[in-house]
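Any read-out appearing in this document is the output of simple, stated calculations on the displayed coordinates, not a laboratory observation. Please read these numbers as outputs of a predicted model, since none were measured by experiment. Cβ coordinates were reconstructed from backbone atoms using ideal geometry, including for glycine residues, and neighbour counts include every protein chain displayed.
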2 protein chains.
Amino acid sequence: MALVSFAMDFTVAKVANAHAWLYHEVHSPLLKYLSWTMYPIALSAFSTGFAQSITPHSGGSGIPELKTILSGVMLEEYLAIENFGAKVVGLTCTLACGSTIFLGKVGPFVHLSSMLAAYLGKARTSVSGEYEDKSKQNEMLVAGAAVGVATVFGAPISGVLFSIEVVSSHFAVRDYWRGFFSATCGAFMFRLLAVFNSEQETIMAIFKTNFKIDLPFDLPETFFFMLLGALCGVVSCAYLFCQRWLLGYVRRNRFTAALLATEKPLYSALVAFLLASITCPLSLGQFMASRLNMKELLTSLLDNHTWVVLSQNASLARPLHVDPSQLWLEWWDPNITVFGTLVVFLVMKFWMLTLATTMPMPAGYFMPVFIYGAAIGRLVGEVVAVLFPQGIVSEGLVSPVTPGAYALAGAAAFSGAVTHSLSTALLAFEMTGQISHILPVILAVLVANAITQKFQPSFYDGTIIVKKLPYLPRIRSRHIGSYKVITQEFMKADFVTLPRDATFQEVLRVVTSTSDPEYPVVDSAETSMLLGVVQRSALIHFLQTHDATVQPHEEEVPSCQTLGEGCAFSPVTLQLSPWTSLHQAHNLFEMLSLQWAFVTQLGRVVGVVSRKELRKAIEDLANPKPTK
Amino acid sequence: MALVSFAMDFTVAKVANAHAWLYHEVHSPLLKYLSWTMYPIALSAFSTGFAQSITPHSGGSGIPELKTILSGVMLEEYLAIENFGAKVVGLTCTLACGSTIFLGKVGPFVHLSSMLAAYLGKARTSVSGEYEDKSKQNEMLVAGAAVGVATVFGAPISGVLFSIEVVSSHFAVRDYWRGFFSATCGAFMFRLLAVFNSEQETIMAIFKTNFKIDLPFDLPETFFFMLLGALCGVVSCAYLFCQRWLLGYVRRNRFTAALLATEKPLYSALVAFLLASITCPLSLGQFMASRLNMKELLTSLLDNHTWVVLSQNASLARPLHVDPSQLWLEWWDPNITVFGTLVVFLVMKFWMLTLATTMPMPAGYFMPVFIYGAAIGRLVGEVVAVLFPQGIVSEGLVSPVTPGAYALAGAAAFSGAVTHSLSTALLAFEMTGQISHILPVILAVLVANAITQKFQPSFYDGTIIVKKLPYLPRIRSRHIGSYKVITQEFMKADFVTLPRDATFQEVLRVVTSTSDPEYPVVDSAETSMLLGVVQRSALIHFLQTHDATVQPHEEEVPSCQTLGEGCAFSPVTLQLSPWTSLHQAHNLFEMLSLQWAFVTQLGRVVGVVSRKELRKAIEDLANPKPTK
């Protein structure tokens, strides 16, 4: 994965350089405009078309689907290794669009790593025999997700933590060190390749910052960091709401729905055209630093200089080419100052990013959110620097406030709020190689998370809801009544059982009339004593073999062989009782990744609980029935 | 907890200063020796006596017991808030002994925080009513443990991670953010108090380092970091083995066992006398930097200077007092050089620390292990600096190797190996405020952990084994046969059931003849259909109430009221089947903190599995029976 990540970065950099060169070489405004817009249009259309032509699963991030898989729902083909190439090529094209389309690479990389993990897991199982269980598979997938994050940012610890927070709901402590091991290898290799490619002299952080460490921040600044966290929380609520709304809208609206159903590349091209026209430096792009690519955007926002101090220098002019040592000049405009450009950036990117997430091509949504948060933080930091021009006074030495630290805190807080995770704080430290602002950054992340978790589902949960993937909502602690709800009240009492001595006809009737994946096998229809469970596939197999042998002699009674003789059924490990509370049942389903459980009373099957029933029961908590 | 931690540090510093002053003021060698030894003897004897007189649970670290509690075994009185004071006073005295006794404060602080958490949890339950379940309690306790670590080191993130790794085996992701919140508040408050006490100008890391960040390490050094990890792994295996052996030995040996049983303070005093005599600067102490306290030891080892380079300066002399800006001078001796002192320190402290862990007073064992690891790392780092005097050549600028980074890696690797945790790496970064060495440090921690986890149980698991606390061993992946073992093979088939219509006599016979905490209630003795479970305490209550009402009329038949009428029994949520595999059963026990589970077949109870049976089955995997 490190090799793939590095190769992808390398290719993307080359393509982006070619684009910048072309834009600079042509002189007529029309040609400039065309060269600016054609590139992302062509790339995103190709990305969408290529990836979608191979598999419809390659669009989007991949994290919501992985989360669903880890909750126990097997979306087999989603992790098929055959789609690896399509997603890699598609993602490379998406990234090559740069900051115009403003999409990232984390999500698809997590998906790619899990594909590889699933493939390796299968290879291992075929070697070590059948003595493997589901927990091993999940362990491989979580490790894969960790490698995905680690190889994108070169951040092993937060790679593991972020992937755990985002994709799983429970984890076994003794298992996670394998995740750590693979993530460390991935991150090490990724940074090593950068050294061998002479980008760096030794292994260092990917977005290395140079904040002063003697006196990183003054104590009263903690207050502003918390304020920043609150701001990020509010903005992320708005963002999540709009994003979910728009994602639903483009599926509802007749025009866009038709486009998305039949002409996905055209939809991508149209969106890319709109976004590229706006970011063109000849138009609004000049006020939103659109000449910078994603990496340069983040680097510039984390700059340790104070822009309001720098911009007091009268003889400033934006260079013809982007100057890597003076990236901040892209943010400076003589008319609207750095505050103006930051506000334009924030306002425009808000809806542009929301729109970009509807494009059906392989793309990550973490990095744009991270950069957006950094911009919020930079704006707040610059405002603080203006409000307190005297800065930090220490031993007579005056040093201005460091807005870069606010950018760091804003990035961690906003991305943490959008994804409902706290490890983005750690990710920020690992990415920048500095940890001196740990307490203010964590405070900002906590405040932002507290606000967003209260009002909105996370970005990934939101996508799960919109895509209608199987999803088990959490029981909110304010639903105190949930402790009183017992299984009896929400279980499905009306379900099909198969007696042990079921005949061909009975089995046939059950299989054709219902579509459950598994059926309880009982002693007899009257006593309903649970004996075990039989897979639908085993029943079909039973019917087929039975069918084949009997058909030639149709005069014979087909019930010569019953289910109990012709079909293997497996024992039931876990049975709920009618008095199991909703909380306990929810916990069991989450921890053991159950799909359904039988409810037994004195050995009799009296009900079935599946995720559907559980979900309904939880939703009923929030909207209590008027009859009760 | 932050207030307690700060007040404790403050007191300890004052006492230690007084000790240093006294030692400096007296001039005769005998008086010097006496003043050096009397202090720790008196303090450790008092610490042992005071803490033990209030509760026998106050000795030692507390983490092993907390781990046992979180695995589901309730050691009620262990978390009684009444013992809070005893442990605080005892721990303060232990810490005041300084580097002579060489013990730390993490373990007891984790214990103290959990006491407080349990107390607050009870207070909350009494407010919010009975609708609380066990998972909430565990959540509070894990958060308490996190606060304990966070307030000792001012490290919120690693506080949470370390406490999770050390005390629990599974955790729910959605719960851990409360742990983060409380740990952040604790760490913030702790560092804030340091600012208000004018120790620092602003909130900064507790052991702030100044490693150069432009080129933190050269690529080939990674190899030495991994070598250091391997060395730490091997040494930690030896340490864990010796420590467990000695802990058992002092309990077996007649003399020490008698002392520990009756005269605990005397035992502590004797050990303290031995340790203090050795560390006295007049004797061997001069070669092992014994004038430094714990904090200074760590600070000196993490020094960013290269001692072999510094010691080339000819005019060096150890100052009369410890010089805070030149702490390394304590490690320098003209005869045996810094290498000699480091080797003496490592060799002597190895058995001295092992011996100190047998003292029955409140004390933590993490900090000494951390410092010991730092000393190993410093030694390796200085050797590397001698082997490669040219150091890192970059852009013509030559800078020597930084042995402080090796000390950091050694500390993280050794403490990680001893406790079987990876988050010590993160702890090291949070404590020092620098994260530039992240990849080599994590590599060292991983290598050390790989070695130790293969050969030795962790420090805390070892204590659990020696103290014979209930303990569920893990199933090692090399036992491939474990997938074939099913519950039927290891369940206890011989157990007591209570029929629903059990009479007074029957209940009485069961209660007096067995001591199980819970009994299965069945339909009738013949059919054995499981109805529910009844607590032993409920049975006793049943007997008592029944007894009282019946005794006056002894001529009456006492079976007028049966168990089914007089006693409430609760339903059984989870039942195993005879074909549940050992792996599945182990997973369920670990995840759900079960103590026992009934095995049912067609509703009939056919067996019971408790932790004992499970443990035996796992141990049998390692030592297969010859009959099979």
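Starting from the 7 Å offset along Cα-to-Cβ, what nm value, one decimal, do you get for the label separation of B:Ala42 and B:Val496?
With each label placed 7 Å out from Cα toward Cβ, I get 5.6 nm.
Which of A:Asp516, A:Asp218 comes first, and how do the rest follow, when ranked by fewest Cβ neighbours within 10 Å?
Details: A:Asp516 14, A:Asp218 17.
The most exposed by this proxy come first: A:Asp516, A:Asp218.
How do A:575-584, A:75-84, B:416-425 rank on mean C-beta neighbours within 10 Å, highest first? List each step's numbers first, then the result.
Values: A:575-584: 20.9, A:75-84: 15.6, B:416-425: 28.8.
In descending order of packing, they fall as B:416-425, A:575-584, A:75-84.
In what order do B:Phe207, A:Phe388 fall by count of nearby beta-carbon atoms within 10 Å, going from fewest to most? Provide the component values of the computation, followed by the final result.
Details: B:Phe207 20, A:Phe388 15.
Going from least to most buried by this count: A:Phe388, B:Phe207.
For the pair B:Leu284 and B:Glu526, how long in nm is the line joining their label points, each one 7 Å along Cα→Cβ?
7.7 nm
Under the rule a/c < 1.5 gives rounded, and otherwise a/b versus b/c splits prolate from oblate, where does chain A land using the Cα gyration tensor?
Working: a/c = 2.33, a/b = 1.88, b/c = 1.24.
In terms of gyration-tensor shape, prolate.
Mind checking A:146-157 for the average number of partner chain beta-carbons within 10 Å of each residue's beta-carbon?
On the way: counts 0, 0, 0, 0, 0, 0, 0, 0, 2, 2, 7, 11.
What the average comes to for A:146-157 is 2.
Starting from the Cα of B:Leu3, move 7 Å in the Cα-to-Cβ direction to define the label point; list residues of the stretch B:156-187 whose amide nitrogen is under 16 Å from there.
B:185-187
Would you pull out the residues with amide H under 5 Å of B:Gly532's amide H, same chain only if 5 or more places away, H placed 1.01 Å from N?
Sorted by chain and number, the residues that satisfy this are B:Val521.
Non-local amide H neighbours of A:Gly60 (under 5 Å, H modeled in plane, Pro and chain starts lacking H): which ones?
Answer set, sorted by chain and number: A:Met361, A:Ala363.
Among A:Met38, B:Met529, which comes first, then next, by fewest other beta-carbon atoms within 10 Å?
Details: A:Met38 15, B:Met529 20.
With the fewest neighbours first, A:Met38, B:Met529 line up as A:Met38, B:Met529.
Sorting check: for A:137-149, B:301-313, which peptide has the highest mean count of neighbouring beta carbons within 10 Å, and how do the rest follow? Mind showing how you got there, number by number?
Numbers: A:137-149: 26.9, B:301-313: 18.8.
Highest-to-lowest ranking by the protection proxy: A:137-149, B:301-313.
With a point put 7 Å past each Cα toward its Cβ, work out how far B:Lys467 is from B:Lys122 in nm, to one decimal.
Label-label distance for B:Lys467 and B:Lys122, simple model: 1.9 nm.
If I take R0 = 45 Å and measure r between the Cβ atoms of A:Ser28 and A:Phe350 in this structure, what FRET efficiency does the formula 1/(1 + (r/R0)^6) give, to the nearest 0.05? Mind showing how you got there, number by number?
Working: r = 32 Å, r/R0 = 0.72.
Result of the calculation: an efficiency of 0.90.
Would you mind listing the distances between the A:Pro324 label point and the same position in each other copy? Use 7 Å along Cα-to-C-beta, nm, one decimal, shortest first.
Nearest first, the other copies' label points are 4.3 nm away.
I'd like to know which of B:Leu346, B:Met294, B:Pro362 lies farthest towards the positive end of the charge dipole of chain B, counting +1 on Cβ of Lys and Arg and -1 on Cβ of Asp and Glu.
B:Leu346
Applying 1/(1 + (r/R0)^6) with R0 = 30 Å to the Cβ-Cβ distance of B:Phe273 and B:Asn304, what FRET efficiency is obtained, to the nearest 0.05? If you can, show how the numbers build up before the last one.
Details: r = 37 Å, r/R0 = 1.25.
Plugging the Cβ-Cβ distance into 1/(1 + (r/R0)^6) gives 0.20.
Hey, what do the phi angles of the stretch A:12-19 turn into as Karplus ³J(HN,Hα) couplings, whole Hz, using 6.51/-1.76/1.60 and θ = phi - 60°, x for Gly and Pro?
4, 4, 4, 4, 5, 4, 4, 4
If we hang a label 7 Å off Cα along the beta carbon direction at A:Ala80, how far is it from the matching labels on the other copies, in nm, shortest first?
Those separations, rounded to one decimal, come out as 6.5 nm.
When a/c is below 1.5 the answer is rounded, else prolate if a/b is larger than b/c, else oblate, so apply that to the stretch A:1-132 with a ≥ b ≥ c taken from the square roots of the Cα gyration tensor eigenvalues. The partial results should precede the final answer.
Values: a/c = 3.41, a/b = 2.56, b/c = 1.33.
Here the stretch A:1-132 falls in the prolate category.
Mind checking the dipole of chain B: about its Cα centre, +1 per Lys or Arg Cβ, -1 per Asp or Glu Cβ, Debye to the nearest 20?
Computed about the Cα centre, the dipole is about 1280 debye.
Remind me, relative contact order of chain A in percent, using alpha carbon pairs under 8 angstrom and six or more residues apart?
Details: 1056 pairs, mean separation 98.9, N = 628.
Result for chain A is 16 percent.
Taking only DSSP H segments of four or more residues, each worth -39500 (n - 2.57), what value at 222 nm results for the protein assembly as shown once the sum is divided by all its residues, to the nearest 500 deg cm²/dmol? Spell out each step's value before the answer.
Working: 50 runs with 731 residues, N = 1256.
So the calculated ellipticity at 222 nm is -19000 deg cm²/dmol.
What's the ranking of B:67-74, A:359-366 by average number of surrounding C-beta atoms within 10 Å, highest first?
Numbers: B:67-74: 19.0, A:359-366: 28.1.
Final packing ranking: A:359-366, B:67-74.
Find how many whole Å separate the alpha carbon centroid of the stretch A:184-257 from the alpha carbon centroid of the stretch B:165-232.
Centre-to-centre distance over Cα atoms comes out at 21 Å.
When Cβ neighbours within 10 Å are restricted to other protein chains, what is their mean count per residue of peptide A:426-438?
On the way: counts 7, 0, 0, 6, 5, 0, 1, 7, 5, 11, 8, 2, 14.
Across A:426-438, the average partner-chain Cβ count within 10 Å equals 5.
Mind scanning B:Lys32/B:Lys349; A:Lys67/A:Lys208; B:Lys67/B:Lys616; B:Lys87/B:Lys468; A:Lys105/A:Lys616; A:Lys454/A:Lys616 and naming the pairs with a C-alpha gap bigger than 25 Å? List each step's numbers first, then the result.
Values: B:Lys32/B:Lys349 22 Å; A:Lys67/A:Lys208 31 Å; B:Lys67/B:Lys616 20 Å; B:Lys87/B:Lys468 22 Å; A:Lys105/A:Lys616 35 Å; A:Lys454/A:Lys616 21 Å.
Check vs 25 Å cut-off fails for A:Lys67/A:Lys208; A:Lys105/A:Lys616.
Suppose R0 equals 51 Å. What FRET efficiency, 1/(1 + (r/R0)^6) with r the Cβ-Cβ distance, do B:Trp579 and A:Phe196 give to the nearest 0.05?
Values: r = 54 Å, r/R0 = 1.06.
E between B:Trp579 and A:Phe196, to the nearest 0.05, is 0.40.
Tell me which of B:Phe50, A:Leu3, A:Val384 sits at the most positive position along the dipole axis of the protein assembly as shown, charges placed on C-beta atoms (Lys, Arg +1; Asp, Glu -1).
A:Val384
Could you give me the ³J(HN,Hα) list for the stretch A:602-607, computed from phi with Karplus coefficients 6.51, -1.76, 1.60 and θ = phi - 60°, whole Hz, x at Gly and Pro?
With coefficients 6.51, -1.76 and 1.60, one gets 6, x, 7, 6, 10, x Hz.
Could you tell me which of rounded, prolate or oblate describes the protein assembly as shown, using a ≥ b ≥ c as the square roots of the eigenvalues of the alpha-carbon gyration tensor, with rounded for a/c under 1.5 and, failing that, prolate when a/b is larger than b/c and oblate otherwise?
On the way: a/c = 1.94, a/b = 1.08, b/c = 1.79.
Oblate shape, in that a/c is at least 1.5 and b/c is the bigger or equal ratio.
Inside 10 Å of the C-beta atoms of B:444-452, what's the mean count of C-beta atoms belonging to other chains? The partial results should precede the final answer.
On the way: counts 0, 3, 6, 1, 0, 3, 2, 0, 0.
If you average over the peptide's residues, the count of other-chain Cβ atoms is 2.
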